[in-house]
Amino acid sequence: MARDQSLTGVERFFEDDEIIVSKTDLKGRMTYVNDVFLRLASYTESECIGEPHAKIRNPDMPRCIFQLLWDTIQDGREIFAYVVNRSANGDHYWVLAHVTPSKDASGNVIGYHSNRRTPNRQVLEGTIIPLYKQLLAEENRHANAKDGMAASMAMVTSMLEEAGMEYDQFIAGLV
């Protein structure tokens, strides 16, 4: 069933001492969500468990950043990223996500764990939102979504290469 992608333009906020937590299996299906997640996303637990985490994907979030995130965690590494999510009613909320692979006793990746905190508003408004608008414009400039994502990923890669840093270093330098 297709999900309504309409957006309200209303931003939701959460407290600095609150943490949004979710866990997924290897395919990105939610296996755990905490109360803060449910409140901001406006879903019930039963509407989330077993569903793709992309259920809260905001269409204003550049796909290349998700690709970067998935490439990193599937490689067994953690990542920090600014993400804008979509609530069930079309509201949005920004987070600074810390996503890590979850491993079993033998060191095998068995899923993923994400903690999200309130983002730094100056970083959001001064760097992240303008960057994401550029990346999204590049993605949307292409008729083919795959080509658009490749082009925006090339923009991110070029930016990082010019700065001589990895994505995590870029994010850490913004905080």
> What is the spread of the Cα atoms of the range 20-119 along each of their three principal axes, largest first, in whole Å?
Replying inline: 41, 28, 21
> About its Cα centre, what dipole magnitude does the range 20-119 give when the only charges are +1 on Lys and Arg Cβ and -1 on Asp and Glu Cβ, stated in debye to the nearest 20?
Replying inline: 100
> So which DSSP H runs in the chain come out at 20 Å plus along the axis (Cα) with average Kyte-Doolittle of at least 0.0?
Replying inline: 145-163
> Could you give the dipole magnitude of the chain about its Cα centre, charging the beta-carbon of Lys and Arg +1 and that of Asp and Glu -1, in debye to the nearest 20?
Replying inline: 380
> So how do ILE110, ILE79, ILE19 line up by other beta-carbon neighbours within 10 Å, fewest first?
Replying inline: ILE110, ILE19, ILE79
> Counting other C-beta atoms within 10 Å, which of SER106, SER114, SER152, SER42 has the fewest, and how do the rest follow?
Replying inline: SER106, SER42, SER114, SER152
> Magnitude of the Cβ-charge dipole of the range 97-175, K/R +1 and D/E -1, about the Cα centre, nearest 20 debye?
Replying inline: 340
> Lysine pairs in the chain with alpha-carbon atoms under 18 Å apart, 8 or more places apart or on different chains: how many are there?
Replying inline: 5
> So for the chain, taking the charge dipole from beta-carbon charges (+1 Lys/Arg, -1 Asp/Glu), which of ALA172, PHE13, THR31 sits furthest toward the positive end?
Replying inline: THR31
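Every number in this text was worked out from the coordinates using simple rules, so none of it is lab data. Just so it is clear, the structure is predicted and the values come from calculations on it, not from any experiment. Every residue, glycine among them, receives a Cβ derived from its backbone with ideal geometry; neighbour counts consider all protein chains shown.
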